[in-house]
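Each reported figure results from applying straightforward, stated rules to the coordinates on display, with no laboratory input. Source: prediction; values computed, not measured. Cβ atoms come from the backbone with ideal geometry, glycine included; neighbour counts cover every protein chain shown.
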Amino acid sequence: MKAVGLYRYLVIDDPESLLDVELPQPTVSGHDLLVRVRAIAVNPIDTKVRKPKEIVEATPRVLGWDAAGEVVTVGADCSLFQPGDRVYYSGDVTRPGCNAEYQLVDERIVGHMPLSLSFEQAAALPLTSVTAWESLFDRLGIALDAAQNQDRSILIIGAAGGVGSIAIQLAKLVAGLTVIATASRPDSVAWVSELGADQVVNHHALTAEMAAIGVPQVDYIFCCSHTDDYFLSMVELLKPQGKICVIVDAFKPLDMTLLKAKSATFVWESMFTRSMFKTSDMIQQHHILERVAELVEAGTLTTTLNEVVSPINAANLRAVHARIESGSAIGKIVLSGW
Ligand SMILES: NC(=O)c1ccc[n+]([C@@H]2O[C@H](COP(=O)([O-])OP(=O)(O)OC[C@H]3O[C@@H](n4cnc5c(N)ncnc54)[C@H](OP(=O)(O)O)[C@@H]3O)[C@@H](O)[C@H]2O)c1
């Protein structure tokens, strides 16, 4: 089968950082589905896994953790899917990724893709939807019932990116929160407004802009960017008894004692926890993806796809990795076709 892989971990403008390779097609067992991959999205995790280091792989390492495709065969222990089903999923960062024509994935972290969407529109959604859903509803404990969230507000930092784009919709259209989104460029401001943000502030002057719009503090903060840079602002902008969820590594110690006076909650989200540790509730990611598909079919949620690049090959993937690495993506960039 065709695939894009790497032997060495190199800067993205090195033509050997991602290579076109031929690999044997994998065979299913247990809870795995064999999926024919039709479209993939690139996420910052791909570029972080690929970042330069002194390791050389004996066989090509395949990256990619966002896919839409068709089930080809199912393992003996599968009960959720059948051959021919159209599916979407992020996958497991400890296993080979979706930058390949065929991929094995545990059915407990897969959903039926919304049939009203194309493969490209569906591939934009899984990783970011699971991340945003787990952050808002599992980690921050926000009620799924909008009636319980009246007069409650959330600040989403870095809201025009892939995660923020779906988080705005879940927070506004599912949870009924007042959503303040951060964006710093005219295009990203327009994008987050279109997705439903009630107000938009520039993250490069966060506390001043929050004061300027008359919202000095919020109930929840979901930070999708530079945890270190925003930590002190988040402490200041949080209401007493409020909750903060972060998804980006911190590179220096964060002073948790600053949260004590407000009895604030600080929580991490990693969307790979459930698959990496095979937690007893890992099937929750199947349920999240099924629920997101229902919300798309109902017209509540919309795809966050912003651009399609074709075909899926090393040259195109290198170009998209470079754009994701620049930190300037708006919504999702998807690659499709072999
Ligand atoms: N823990 C997890 O499970 C998990 C899951 C998914 C993603 N992540 C991480 O979360 C981060 C966001 O992911 P993503 O897919 O949304 O990324 P993305 O799509 O690449 O985000 C791009 C957006 O980031 C914004 N941005 C750039 N610099 C910023 C800054 N200094 N402050 C605030 N916003 C800034 C930009 O908005 P403007 O152009 O408006 O500045 C841009 O639209 C990444 O670091 C990713 O690795 C973690």
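Which of the pairs Lys53/Lys243; Lys48/Lys262; Lys48/Lys332; Lys53/Lys260 have their Cα atoms more than 28 Å apart in this structure?
With Cα atoms farther than 28 Å apart: Lys53/Lys243; Lys48/Lys262; Lys53/Lys260.
Ranked highest first by average number of other Cβ atoms within 10 Å, how do 310-317, 179-186 line up?
179-186, 310-317
May I ask you to give the average projected area over all directions of the convex hull of the Cα atoms of segment 81-177, in nm² rounded to one decimal?
7.7 nm²
Between segment 204-233 and segment 166-197, what is the C-alpha centre distance in whole Å?
Centre-to-centre distance over Cα atoms comes out at 15 Å.
Would you work out the Kirkwood radius for segment 129-268? I mean one over the mean of 1/r across all pairs of different Cα atoms, in Å.
For segment 129-268, the Kirkwood estimate is 14.7 Å.
How much of the DSSP bridge set in the chain is antiparallel, in percent, rounded to the nearest 5?
55 percent
What is the distance in Å between the Cα centres of segment 267-338 and segment 90-152?
7 Å
Convert each backbone phi in segment 94-109 into a coupling constant with the Karplus relation 6.51 cos²θ - 1.76 cosθ + 1.60 (shift: θ = phi - 60°), then list the ³J(HN,Hα) values in order as whole Hz, x for Gly and Pro.
8, 10, x, x, 9, 7, 7, 4, 10, 9, 8, 8, 5, 4, 6, 10
Going by how many other Cβ atoms sit within 10 Å of their own, how do Met1, Met234, Met210 line up, fewest first?
Fewest to most other Cβ atoms nearby, the residues stand as Met1, Met210, Met234.
Take the Cα coordinates of the chain, assign each an equal point scatterer, and use the Debye formula without solvent to give log10 I(q)/I(0) at q = 0.08, 0.09, 0.10, 0.14 Å⁻¹.
So the normalised log intensities are -0.37, -0.47, -0.58, -1.11.
Once you compute Rg and the Kirkwood Rh from C-alpha atoms, what is the Rg to Rh ratio for segment 246-286?
Radius of gyration over Kirkwood radius for segment 246-286 works out to 1.12.
Tell me, which longest segment in the chain has none of the trypsin sites (Lys or Arg not before Pro) that fall in DSSP loops with at most 13 further Cβ atoms within 10 Å?
1-259
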